[in-house]
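**Student:** What follows is a single structure, and I will ask about it in a moment.
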Amino acid sequence: MRSPLALALLPAVSQAINIVSSNDDGWAEINIRSLYSALSSAGHSVVVSAPAENQSGTGSSDETPSDRTEACEFDSCEANSGPYGSNATDPRLNWVNSYPVTSIKHGIDTLSSEFFSGTPDLAVSGPNVGNNLGVVVYFSGTVGAANYASATAGIPAIAFSGADGDPVAWDAEVPAYSTIYADLANKVVERVAEAGTPYLPENVWLNVNFPTVDGCASADDFSFVLSRIFTAVPLITADDVETCGSTRLPTESEVVGTDGCYVSISVGDADKTDADATAQGTVLEKLGDLLSCLP
């Protein structure tokens, strides 16, 4: 528990919330550590519960954690260290010897009681190393963790993914893209928190994809655009929410592929498809002027 003095020294936020964080690249990958630092510095209470090693592409797999026989990724835990573990100097950084879904489940069901005295307000996953666009959402462990949190555990959730980088150890020099992606993710979390409860519609999660940071010096250079995960099928796919003069949202691939610094925010449903126009409209209203239109 933080001391009263430590709490007093934290920066003021409009709505500090309890957040459980996971990913599929592993608990010691630098992106999840950068996001942990950014969210904590913003005044939120965060606990990380992520796989002991890279579990990319494992989707919604879930399996009871087993004892480790080898060291965790980047030698971040010792061999033969059991099914669960935490950082020696920061118990809020936790690893689980299983999949992303299993990891975030442990964070929600077990660690949240310890650190929050209850369930988390929000679940975040990532930022993933590499974008999760379109059909890739079905296979992404980062998306799988967010989808589990929202659809099964009833916790509002956001999956973050970024185009740049390769897996990097937690103790390496922090790449510029990792800092920018963490700052961008924090902007989205702040706006969701400011909008108040319920933070997102029931069973809905957000799929947020960051483009390359080339030509974009800081998080303030980016614009956020409401998008859809899958390409709409003419005469079959129902209309999206009306915004930017259209009832059809751009796909997230179109957004991150547009010249400039554009972040896509798609509204996903429990089955990992696009949510309907009503849910999109609620998110549009909550995010407000954080969102803009493509040129």
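The values are calculated or read from the model by the stated rules, or taken from the named source; none is laboratory data. This is a predicted model, so every value here is computed, not measured. With ideal geometry, Cβ positions are generated from the backbone for all residues, glycine too; neighbour counts draw on all protein chains shown. In case anyone asks, the SASA skips ligands and DNA or RNA and just uses the protein heavy atoms, side chains included. Shrake-Rupley method; radii C 1.70, N 1.55, O 1.52, S 1.80 Å.
**Student:** Give me, ordered by chain and number, the residues 5 or more places off Ser227 or on other chains with an amide H under 5 Å from its own placed amide H.
**Tutor:** Those qualifying (amide H under 5 Å, at least 5 residues apart or on another chain) are Ile265, Ser266, Val267.
**Student:** Follow-up. Hey, what do the phi angles of the stretch 154-165 turn into as Karplus ³J(HN,Hα) couplings, whole Hz, using 6.51/-1.76/1.60 and θ = phi - 60°, x for Gly and Pro?
**Tutor:** x, 9, x, 9, 9, 9, 10, 9, x, 5, 8, x
**Student:** So, one more: Report the full-extension gain for the segment Ala172 to Ser66: residue separation times 0.36 nm, less the Cα-Cα distance, to one decimal in nm. Provide the component values of the computation, followed by the final result.
**Tutor:** Details: separation 106, 0.36 × 106 = 38.16 nm, distance 2.84 nm.
Answer, rounded to one decimal: 35.3 nm.
**Student:** Once the Cβ-Cβ distance between Glu78 and Ala270 is put in as r, and R0 is 41 Å, what FRET efficiency do you end up with, to the nearest 0.05?
**Tutor:** E(calc), rounded to 0.05, equals 0.60.
**Student:** Provide the net charge surrounding Trp205, with neighbours chosen by a C-beta distance below 12 Å and charges set as Lys +1, Arg +1, Asp -1, Glu -1. Show your work: numbers first, answer last.
**Tutor:** Working: positive: Lys272; negative: Glu202, Asp269, Asp271, Asp274.
Taking every Cβ under 12 Å from that of Trp205, the sum is -3.
**Student:** Within 9 Å, Cβ to Cβ, of Arg228, how many net charges do the neighbouring residues add up to if Lys/Arg are +1 and Asp/Glu are -1? Could you put the intermediate results ahead of the total?
**Tutor:** Numbers: positive: Arg248; negative: Asp240, Glu252, Asp274.
Residues close to Arg228 contribute a combined charge of -2.
**Student:** Then there's this: Could you pull out every residue, at least 5 positions away or on a different chain, whose amide H is within less than 5 Å of the one on Ser86? Hs are placed 1.01 Å off N in the peptide plane, and Pro or chain starts have none.
**Tutor:** Here Trp95 satisfy the definition.
**Student:** Under a 5 Å amide H to amide H cut-off, with H placed in plane at 1.01 Å, what residues pair with Ala71 once short-range neighbours are removed?
**Tutor:** Those qualifying (amide H under 5 Å, at least 5 residues apart or on another chain) are Ala79.
**Student:** Tell me, what does the Kirkwood hydrodynamic radius of the stretch 252-295 come to in angstroms if you use every pair of distinct C-alpha atoms? Could the numbers behind the result be given before it?
**Tutor:** Values: mean 1/r = 0.0863 Å⁻¹.
Hydrodynamic radius (Kirkwood, Cα only) of the stretch 252-295 equals 11.6 Å.
**Student:** For the chain, what does -39500 (n - 2.57) per DSSP helix run (n ≥ 4), summed and divided by total residues, give at 222 nm, in deg cm²/dmol to the nearest 500?
**Tutor:** Details: 8 runs with 78 residues, N = 295.
Calculated from helices alone, the mean residue ellipticity at 222 nm is -7500 deg cm²/dmol.
**Student:** Using a 1.4 angstrom probe with every protein chain in place, what is the largest-first accessible-area order of Cys244, Cys77? Don't skip to the end; give the middle numbers.
**Tutor:** Values: Cys244 75, Cys77 15 Å².
Largest accessible area first, the residues go Cys244, Cys77.
**Student:** Write down the accessible area per residue of the chain in Å², having rolled a 1.4 Å probe over the full set of protein chains. Can you show the working numbers first?
**Tutor:** Values: 12110 Å² over 295 residues.
Value for the chain: 41 Å² per residue.
**Student:** Probe radius 1.4 Å, ligands and nucleic acids ignored: give me the carbon and sulfur share of the accessible area of the chain as a rounded percent.
**Tutor:** Numbers: 6030 of 12110 Å².
Carbon and sulfur together cover 50 percent of it.
**Student:** For the stretch 41-48, take each phi angle, set θ = phi - 60°, evaluate the Karplus expression 6.51 cos²θ - 1.76 cosθ + 1.60, and give the result in whole Hz per residue in order, putting x for glycine and proline.
**Tutor:** 5, 7, x, 7, 9, 10, 10, 8
**Student:** Using only the Cα atoms of the chain, construct the convex hull and provide its projected area averaged over every direction, in square nanometres to one decimal. Intermediate values should be presented prior to the final figure.
**Tutor:** Details: hull surface 58.2 nm².
For the chain, the mean projected area of the Cα convex hull comes to 14.5 nm².
**Student:** While we're looking at this one, here's another question. From the phi angles alone, apply the Karplus equation (6.51, -1.76, 1.60; θ = phi - 60°) to the stretch 227-233 and give each ³J(HN,Hα) in whole Hz, x where the residue is Gly or Pro.
**Tutor:** Residue by residue, the stretch 227-233 yields 9, 10, 6, 10, 5, 5, 9 Hz.
**Student:** Then there's this: What shape does the stretch 152-207 take by its C-alpha gyration tensor, where a ≥ b ≥ c are the square roots of the eigenvalues and a/c under 1.5 counts as rounded, a/b above b/c as prolate, and the rest as oblate?
**Tutor:** Values: a/c = 3.00, a/b = 2.08, b/c = 1.44.
Prolate.
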